[in-house]
Amino acid sequence: PARMGLPALALLLAARLLHTQASPPARSFQLDYEHNCFRKDGAPFRYISGSIHYARVPRPAWRDRLLKMYMSGLSTVQVYVPWNYHETLPGVYDFTGNRDVEAFLDLTAELGLLVILRPGPYICAEWEMGGLPAWLLWKADIILRTSDPAYLAAVDSWLHILLPKIKPRLYQQGGNIISVQVENEYGSYYACDYGYLRHLLGTFRALLGDEVLLFTTDSAQVEELRCGTLQGLYATVDFGPGSNVTEAFGAQRRMEPKGPLVNSEYYTGWLDYWGEAHTSTSAAWVARGLEDMLQLGASINMQVSPFLQLTSLPWPGADYKDQYKPVTTSYDYDAPLSEAGDPTEKLFAIRTVISKFQPLPAGPMPPATPKYAYGWVALRKVSAYPEGCTAPAWHCSTAQLSSLSLQYADLLDVLDVLCPSGPIQSLFPLTFEALKQTHGFVVYHTQLPWDVPDPATLGAPPHSICDRGYVMLQKEYQGTLERDGQTTLHVTGRAGDTVDMLLENMGRISFGANTSDFKGLLGNISLNSRPLSNWLIYPLAIDTAVQQGWPHAALPKSSSGGRVGPAFYTGTFETPGIAWDTFVKFPGWSKGLLWINGFNLGRYWTRRGPQQTLFVPGSVLHVGSPNNITVLELEGAPPTPLLLFLDRPLYNRTLGCSTTATE
């Protein structure tokens, strides 16, 4: 340049100026501590976000749910990534179909939504074990969510698979992910291991870079914020309507004296536990709390859209609050968007509040998805209805009855199908984890060692039935033993009589003092305090068998009525030329699981409630060919086994509506 003539130098400077003007400014999403806000591309920014769980939403419905969230006025969605949903066994990964998180994230970008990503490794989300894989417990002495080397090795291996998929989608890289949460509500966990948080921070930085905004979320309790936060991770809080907004954000200010106010989980509803009343939160209360926070300039993520669990395995978790509290199959949550994706009164109340602070997208809110009450489906030959009543839905009105022959199989009669590898012999019972069984059911089989002419006590030590044990003597159902419930039965019999116990995993603890929730028989079963021994143990692969077409190919028995104890029931029905969403009710049934066309639609428990129906997305139904129904009833089917397909859900035996709060 020193020898360059003036005309040539002028041309060079002009070319550089034109290049600078043509280059787009660097994309950025940062904290502004001076003005207490976020800055997006240099401009002040506040997000209004809603949570959506792609793992709980059927993939064909992803676009519909996201579009409804966008039309509600949300600029952002918050997305959990459940580790155990993707790494089903050590080193075995699944990112296909409903598990294609990259496709889901790309769809959010296509629709103009920003993303707050919550990749864990622990996420809670009322999901089995908080998203941690059950196979971690195959090492019985592992200490989860700590600096335990075995745990960290598994975490690092997973993050080195997941986070490289995330990095190209970061906002700074041209994507739409503006921030990433590290762990989740760690302050509520007993360990308070800062070394663990520092390790995660280092791993996230190494794999995602130094520019992405990393943050933590904890309740507004001082002690939880103390253990859940770390320098280098921006501390946010979570709380629901009815909380003192000033006090809650004051707790955040003790950790972050400057920077944006953030509620990362504003609870617009709450979860349901089996055996408790269906929860609901008023729309007015939710809207009032939202407006109070927006007036303070806060950024907010709402639990807007937790949806259906539609997977090939039962994923609901459990809480531990002085006792084990399993979460219902439905994750409807009394959310602004229902389990079926329907806008509710609460959603429109939220939309009205948002409109006071920022413009809403032009256009109408997409409508509720169509529902259809397919009516009664019989899992037996039906001849007891009034003459001429060919459509006996409620009061023989509108729906079509499918009159089918009931077929059933006692579970103990088909162990060769459900456990093709055969049983494992053990002197004493083994846990699910020792058997490398992550979900579902295990049968424990032995024999009475002596004659029992008078009633003797068959029982287990406290807290050793995890979680429910269905007891059969000579294949006859005797009753159920339960975690934190009944743990003894009285039995009689002769030496050599068979004793079988079907153990059910009701969901590993996702929130509580300890997520190391081992399943199965954790202690010895005894008869009058003398331990039983010499067990044959059958880990069952029921989902695999049903997905491969069993039991519709062949069942060994037919019957005109229901059975007592664990048994399978099958039937088929055809839709009237449409495949719309529907809800299945189980009149007179006790507790069990439902599959339609091989899809595990989850657990029903009509005797305990509050959930009385299971949601069936239209995307799992066939048009023009039979739909195969399989039911595993665990305690006792009704004398006339019928299912009723409705166009709305039921809770607490009361009809719920899709456009108003549950009645």
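Among T369, Y604, V327, whose Cα projects farthest towards the positive end of the dipole of the chain, with charges put on the beta-carbon of Lys, Arg (+1) and Asp, Glu (-1)?
Positive-most Cα among the choices belongs to T369.
Kindly provide the helix-only [θ] at 222 nm of the chain, computed as the sum of -39,500 (n - 2.57) over DSSP H runs of four or more divided by all residues, to the nearest 500 deg cm²/dmol?
The per-residue figure over the chain is -5500 deg cm²/dmol.
How far is helix 101-110 tilted off the main Cα axis of the chain, in degrees rounded to 10, range 0 to 90?
Approximately 50 degrees, to the nearest ten.
Could you work out how far apart the two model spin labels at A206 and S426 are, taking each label as a point 7 Å from the Cα in the direction of the beta carbon, and quote it in nm?
Those two pseudo-labels are separated by 3.6 nm.
Please list, ordered by chain and number, the residues whose modelled amide H lies under 5 Å from the amide H of M506; skip anything fewer than 5 residues away on the same chain.
D467, R468
With each label point set 7 Å from Cα along the Cα-Cβ vector, what nm distance links E291 and E276?
Taking the two extended label points, one gets 3.0 nm.
Within 10 Å, count the other beta carbons around each residue, average over each peptide in 177-187, 207-217, 238-248, and list them highest first.
Per-residue Cβ counts within 10 Å, averaged per peptide and sorted highest first, yield 177-187, 207-217, 238-248.
Starting from the alpha-carbon convex hull of region 206-269, give the projected area averaged over all orientations, in nm².
Its average projected convex-hull area is 5.1 nm².
Summarise the accessible area of region 45-356 (1.4 Å probe, protein heavy atoms) by the percent that is carbon and sulfur.
About 53 percent, which is the carbon plus sulfur part of the accessible surface.
Compare K321, K40 by solvent-accessible area with a 1.4 Å probe and give them largest first, with all protein chains kept in place.
The ranking, largest first, comes out as K321, K40.
Note the angle between two axes, namely the Cα long axis of helix 283-295 and the longest principal axis of the Cα atoms of the chain, as a number of degrees from 0 to 90, rounded to the nearest 10.
It is inclined by approximately 20 degrees.
Taking 35 Å as R0, compute the FRET efficiency from the Cβ-Cβ separation of E247 and R63 and round it to 0.05.
Using R0 = 35 Å, I get an efficiency of 0.30.
Which value, in debye to the nearest 20, describes the size of the charge dipole of the chain about its Cα centre when Lys and Arg Cβ atoms bear +1, Asp and Glu Cβ atoms bear -1, and nothing else is charged?
1220
Considering only the chain, what is the antiparallel percent among its DSSP beta bridges, to the nearest 5?
Beta bridges within the chain, antiparallel portion: roughly 75 percent.
Could you provide, to the nearest whole Å², the per residue accessible area of the chain with probe 1.4 Å?
That works out to 38 Å² for each residue.
Would you mind checking which residues have amide H under 5 Å from Y234's amide H? H placed 1.01 Å from N; only 5 or more apart, or other chain.
When sequence neighbours closer than 5 places are left aside, the close amide H contacts are L214, F215, T216.
Below 16 Å, Cα to Cα, which aspartates and glutamates can K165 reach? Residues fewer than 8 away in the same chain don't count.
Straight-distance partners of K165: E87, D94, D100, E102, D106, D156.
Tell me, what ³J(HN,Hα) does each residue in region 247-262 have, in order and in whole Hz, if you take phi through Karplus 6.51 cos²θ - 1.76 cosθ + 1.60 with θ = phi - 60° and put x for Gly and Pro?
Running phi through 6.51 cos²θ - 1.76 cosθ + 1.60 with θ = phi - 60° gives 5, 5, 6, x, 5, 5, 5, 5, 8, 10, x, 10, x, x, 6, 9 Hz.
So between Y93 and R530, what do we pick up on full extension, going 0.36 nm a residue minus the alpha carbon distance?
152.9 nm
Name the residue farthest towards the positive end of the dipole of region 421-540 from the options A513, W450, I525, assuming +1 on Cβ of Lys and Arg, -1 on Cβ of Asp and Glu, about the Cα centre.
Going by the Cα projections, it comes out as A513.
When only Cα pairs under 8 Å and 6 or more residues apart are kept, what is the percent relative contact order across the chain?
Rounded, it is 14 percent for the chain.
Measure nothing but the geometry: give the 0 to 90° angle between the long axis through the Cα atoms of 194-208 and the longest principal axis through the Cα atoms of the chain, rounded to 10°.
Rounded to the nearest ten degrees, it is 70.
Which whole-Hz ³J(HN,Hα) couplings does region 358-364 yield from phi under the Karplus relation 6.51 cos²θ - 1.76 cosθ + 1.60, θ = phi - 60°, glycine and proline marked x?
Once rounded to whole Hz, the list reads 7, x, 8, x, 6, x, x.
Want the number for A140 to E223: 0.36 nm per residue separation, take away the alpha-carbon distance, what's left?
My answer for the length gained is 26.9 nm.
Sort 97-110, 329-342 for me by packing, meaning the mean count of neighbouring Cβ atoms within 10 Å per residue, highest on top.
My ranking of the peptides, most packed first, is 329-342, 97-110.
Against the empirical 2.2 N^0.38 Å scaling, what ratio does the C-alpha Rg of region 421-540 come to?
Here the answer is 1.03, to two decimals.
Give the Rg/Rh ratio for region 116-221, taking Rg as the radius of gyration of the Cα atoms and Rh as the Kirkwood radius, to two decimals.
Expressed as Rg/Rh, it is 0.96.
Tell me, what HN-Hα J-couplings in whole Hz come from the Karplus equation 6.51 cos²θ - 1.76 cosθ + 1.60 at θ = phi - 60° for each residue of region 180-190, using x for Gly and Pro?
Working through the residues one at a time gives 9, 7, 10, 6, 6, 6, 5, x, 7, 8, 5 Hz.
Suppose R0 equals 30 Å; then what is the FRET efficiency for H490 and F518 from their Cβ-Cβ distance, rounded to the nearest 0.05?
0.60
What residues of region 246-285 lie in the reach of a label at T352, counting those whose backbone N is under 11 Å from a point 7 Å from the Cα along Cα→Cβ?
Of the residues in region 246-285, 283-285 have backbone N under 11 Å from the label point off T352.
Inverting the mean 1/r over all pairs of different Cα atoms, compute the Kirkwood radius of region 45-356 and quote it in Å.
Radius from the Kirkwood sum: 19.6 Å.
Tell me which lysines have Cα within less than 16 Å of K68's Cα, excluding those fewer than 8 residues away on the same chain?
Here the lysines satisfying the reach criterion relative to K68 are K346.
To make sure I understand the rule: partners must be lysines, Cα under 24 Å from the Cα of K475, and not fewer than 8 residues away in the same chain. Which ones qualify?
Candidates past the 8-residue exclusion: K519, K557, K591.
Need the full-extension length gain, Q474 to T544, defined as separation in residues times 0.36 nm minus the C-alpha distance. One decimal, nm.
This chain segment gains 22.5 nm when fully extended.
Two decimals is fine: what is log10 I(q)/I(0) at q = 0.08, 0.09 Å⁻¹ for the chain, from a Debye sum with one equal scatterer on every Cα and no solvent?
-0.64, -0.80
The values are calculated or read from the model by the stated rules, or taken from the named source; none is laboratory data. Note that the structure is predicted; figures quoted are calculated from it, not measured. Positions of Cβ are backbone-derived with ideal geometry, glycine not excepted, and every protein chain shown enters the neighbour counts. Protein only, heavy atoms only, side chains kept; ligands, DNA and RNA dropped before computing areas. Shrake-Rupley method; radii C 1.70, N 1.55, O 1.52, S 1.80 Å.
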